[in-house]
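The values are calculated or read from the model by the stated rules, or taken from the named source; none is laboratory data. These numbers were taken from a predicted model, which means no experiment stands behind them. As a convention, Cβ positions derive from the backbone with ideal geometry for all residues, glycine included, and neighbour counts pool all protein chains shown.
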Amino acid sequence: MELCDLTLHEIKDLFVKKEVLPSMVLASVVRRIREVEESLGAYLALDLEAAFAAAQAADGRIKEGKALGVLDGIPVAIKDNLCQAGKETTCASRILQGFVPPYTATAVQKLLDQGALILGRTNMDEFAMGSSTENSAVKPTRNPWDPRWVPGGSSGGSAVAVAAGEAIAALGSDTGGSIRQPAAFCGVTGLKPTYGLVSRYGLVAFASSFDQIGPITKDAEDCALLLSAIAGFDPLDSTSVQGEAVDYTKDLERELTGRTLGLPREYFGEGLDDEVRRIIMAAVAQLEELGARIVELSLKLTEYALPVYYLISSAEASSNLARYDGIRYGRAVAGREDLATYYTRTRSEGFGPEVKRRIMLGTYALSAGYYEAYYQKAQQVRTLICREFEEAFRAVDAIVTPTSPTLPFRAGERLTDPLAMYLSDVCTVPVNIAGLPALSVPCGFAQGAPVGMQIIGRPFAEAAILQIAHQYQKVTAFHRARPYGAGRGGQDGL
Ligand code: GLN
């Protein structure tokens, strides 16, 4: 196995034993990037010179046993909607071409403070709107398990980088599923934290009441390590929650006996692919064998989640994206006849079709006469959905569902059908509506494609869902399968 195919915790152990140095890991990752990046397109920009310089400094610290933290010397990729001072940040949009932020996102700064090596910036759907990474204005990203399939989205570049060994771990953002769904499609582990746990300072806003930054890694243990590094109160984000720093690895080894897991009927009904259902049910049986008690439950409002999400998130997007007028950020168009024409031309040329669709939908939902019928109604249903989850969590410790109702779909297949694309998110958006934590873990393969299981927790119960995922991964091998290097071993579990 190549170093680039190892997990963060495996590499950290090799560092501690002084068997491997950061520059060796980086060299392995860069070799893999050279081999596969052209066909996968995970990155928008690589920053290897800076990474090599940082690796040398980390080598010195590791040799002396003076690591800055668990991330010291670990090559990490970040999604292109996370600002890093001095590095062009485009959100894969033409309108932000040339935008170089003067400051660094808190989550990214925390990685840097712990000595992580930032490899570069990963591809995404434009402004994180999409489920396939095909809405990038630059290029589509391909699934490493089969380049004919999409990798999921919008954090497709980050998920592919981790799955393919082009990074050891990555950060993504999740507004309606953008960490979990690509994690599922690429066979990696991805976690969306509780709203407010990770600072959004320096994350380019899409829908501010849903957006969260989170880790994409090769297993739950790595997820816990990365989450511990980025979580915590930040005075620069007014929605960030006060609280003590938590070590999310501390409960990983606890057994599942006594945990009650709920299966919501509505997530297993019509529209769920038969193979996905079979694989999720096998994973649930495995959890039961590990001592968890499985109960059925009903979340009756599930059918309203998708419309509620698309109404509110588009409304927030239309307002957040109003700032891109060509004057303060990014690209300017030629000719400045008058201000209105200038704005119109900048925005018409700068935004892609999906972003325009969301701005129009959102502006409509917020406009006088429609506000009460659409936006306000959606907010009321949002409250009901939150309450329904609260009620469910009185009886169960966590909720288990598929992450995506289907296997990875073919590139191009849903591009001309926005509704079909939006349906990819049916299982993930309810979690963002209620602000809950949830993760996706690899739990099987069908037709050579990875399948992900979603585990949803109570607010701030990240430690509990990571524990469930880790206990599951201790008795299965799906998370150890790699599309390159190690061959495709592990596809059948243990
Ligand atoms: N696919 C969903 C959307 O297009 C979610 C995106 C996300 O989580 N950023 O809005």
(message) All but one of (1) buried (at least 21 other Cβ atoms within 10 Å of the Cβ); (2) under 18 Å from Leu197 (Cβ atoms) hold for Pro459; state the number of the condition that does not hold.
(response) (1)
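Please verify whether region 345-353 includes one or more residues that are within 23 Å of the chain's Cα centre (by Cα), assigned to a loop (DSSP other than H, G, I, E, B) and of a type in the set (A, V, I, L, M, F, W, C).
So in region 345-353, the residues within 23 Å of the chain's Cα centre (by Cα) come out as 351-353.
Next cut, assigned to a loop (DSSP other than H, G, I, E, B) only: 351-352.
In the following step, the residues that additionally are of a type in the set (A, V, I, L, M, F, W, C) were identified as 351.
For region 345-353, residues within 23 Å of the chain's Cα centre (by Cα), assigned to a loop (DSSP other than H, G, I, E, B) and of a type in the set (A, V, I, L, M, F, W, C): present.
Okay, residues lined up against (1) out of contact with any Phe, Trp or Tyr (no Cβ under 8 Å at 6 or more places or on another chain); (2) within 16 Å of the ligand (Cβ to nearest atom); (3) assigned to a loop (DSSP other than H, G, I, E, B):
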| position | (1), (2), (3) |
| --- | --- |
| Ala205 | yes, yes, yes |
| Ile216 | yes, yes, no |
| Asp222 | yes, no, no |
| Gln242 | no, no, yes |
| Gly291 | yes, no, yes |
(request) Could you list, in sequence order, all residues of region 300-324 that are within 16 Å of the ligand (Cβ to nearest atom) and among the acidic types (Asp, Glu)? (result) Glu316
(message) Given the options Tyr342, Tyr370, name the one that is out of contact with any strand residue (DSSP E or B) (no Cβ under 8 Å at 6 or more places or on another chain), at pLDDT below 95, surrounded by fewer than 17 Cβ atoms within 10 Å (Cβ to Cβ) and of a type outside the set (D, E, K, R).
(response) Tyr370
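Collect the residues in region 407-425 that are surrounded by fewer than 19 Cβ atoms within 10 Å (Cβ to Cβ) and within 20 Å of Ala438 (Cβ to Cβ), keeping them in residue-number order. Walk me through how you get there before you give the answer.
Filtering region 407-425 down to residues surrounded by fewer than 19 Cβ atoms within 10 Å (Cβ to Cβ) leaves 410, 412-413, 415-420, 422-423.
Result: Tyr422, Leu423.
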(message) Residues that are at pLDDT 95 or above, under 16 Å from Met421 (Cα atoms), touching a helix residue (DSSP H, G or I) at 6+ places or on another chain (Cβ under 7 Å) and of a type outside the set (Gly, Ala, Ser): does region 186-200 have at least one?
(response) no
(message) Here are the criteria: (1) out of contact with any Pro (no Cβ under 6 Å at 6 or more places or on another chain); (2) assigned to a helix (DSSP H, G or I). Tell me which single one Tyr329 does not satisfy.
(response) (2)
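Could we say that Phe185 is within 16 Å of the ligand (Cβ to nearest atom) and either in a loop (DSSP other than H, G, I, E, B) or surrounded by fewer than 24 Cβ atoms within 10 Å (Cβ to Cβ) (or both) here? Walk me through it before giving the result.
Details: within 16 Å of the ligand (Cβ to nearest atom): yes; either in a loop (DSSP other than H, G, I, E, B) or surrounded by fewer than 24 Cβ atoms within 10 Å (Cβ to Cβ) (or both): no.
Judged against the criteria, Phe185 is not a match.
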(request) Please name all residue pairs, on different chains or six or more residues apart, with Cβ atoms under 8 Å, provided the first residue is in region 390-404 and is touching a residue at least 24 places away in the same chain (Cβ under 8 Å) and the second residue is part of a helix (DSSP H, G or I) and among the charged types (D, E, K, R). (result) Pro402/Arg277; Thr403/Arg180
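Looking at this structure, is Ser313 closer than 27 Å to Ile95 by Cα and either out of contact with any strand residue (DSSP E or B) (no Cβ under 6 Å at 6 or more places or on another chain) or in contact (Cβ under 8 Å) with a residue 24 or more places away in the chain (or both)? It would help to see each step written out before you state the result.
On the way: closer than 27 Å to Ile95 by Cα: yes; either out of contact with any strand residue (DSSP E or B) (no Cβ under 6 Å at 6 or more places or on another chain) or in contact (Cβ under 8 Å) with a residue 24 or more places away in the chain (or both): yes.
Yes: the conditions hold for Ser313.
Out of the residues in region 102-129 that are of a type in the set (Asp, Glu) and buried (at least 24 other Cβ atoms within 10 Å of the Cβ), which is farthest from the ligand (Cβ to nearest atom)?
Glu126
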(request) Would you please name the residue that is nearest to the chain's Cα centre (by Cα), looking only at residues in region 247-276 that are farther than 27 Å from Leu227 by Cα and loosely packed, with under 15 Cβ neighbours inside 10 Å? (result) Gly271
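Looking at Leu361, is it in contact with a Lys or Arg (Cβ under 8 Å, 6 or more places away or on another chain) and of a type outside the set (Asp, Glu)? Explain how you work it out, then say what you get.
Working: in contact with a Lys or Arg (Cβ under 8 Å, 6 or more places away or on another chain): no; of a type outside the set (Asp, Glu): yes.
Against the criterion (in contact with a Lys or Arg (Cβ under 8 Å, 6 or more places away or on another chain) and of a type outside the set (Asp, Glu)), Leu361 does not qualify.
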(message) Take Gly326 and tell me if it is surrounded by 17 or more Cβ atoms within 10 Å (Cβ to Cβ) and at positive phi.
(response) yes
(message) For region 419-456, which positions are away from the ligand (no atom under 11 Å from the Cβ), within 22 Å of Ser208 (Cα to Cα) and within 15 Å of the chain's Cα centre (by Cα)?
(response) Cys427, Gly435, Leu436, Pro437, Ala438, Leu439, Ile456
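When the residues of region 361-373 are filtered to those that are hydrophobic (A, V, I, L, M, F, W, C), touching a residue at least 24 places away in the same chain (Cβ under 8 Å) and more than 13 Å from the ligand (Cβ to nearest atom), which remaining residue is farthest from Leu311 (Cα to Cα)? Show your work before the answer.
Here is the first cut: in region 361-373, the ones hydrophobic (A, V, I, L, M, F, W, C) are 361, 365-366, 368, 373.
From what's left, touching a residue at least 24 places away in the same chain (Cβ under 8 Å): 361, 365-366.
Filter again for more than 13 Å from the ligand (Cβ to nearest atom), leaving 365-366.
Working: Ala365: 7, Leu366: 9 Å.
That would be Leu366.
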(request) Scan Ala167, Ala231 and give me the residue that is more than 16 Å from the ligand (Cβ to nearest atom), among the aliphatic types (A, V, I, L, M) and within 22 Å of Ala45 (Cα to Cα). (result) Ala167
(message) Looking only at region 252-276, how many residues end up being assigned to a loop (DSSP other than H, G, I, E, B) and modelled with pLDDT of 95 or more?
(response) 9
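Among Ser209, Ser154, Ser173, Ser178, which is within 16 Å of the ligand (Cβ to nearest atom) and part of a strand (DSSP E or B)? Full working, then the answer.
Numbers: Ser209 fails: part of a strand (DSSP E or B); Ser154 fails: part of a strand (DSSP E or B); Ser178 fails: part of a strand (DSSP E or B).
None of the other options fit; the residue is Ser173.
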(request) Quickly run through region 91-101 and pick out the residues that are in contact (Cβ under 8 Å) with a residue 60 or more places away in the chain, small (Gly, Ala, Ser) and buried (at least 24 other Cβ atoms within 10 Å of the Cβ). (result) Ser93
(request) Among the numbered conditions (1) surrounded by 13 or more Cβ atoms within 10 Å (Cβ to Cβ); (2) at pLDDT below 95; (3) not polar (S, T, N, Q), tell me where Lys356 comes up short. (result) (2)
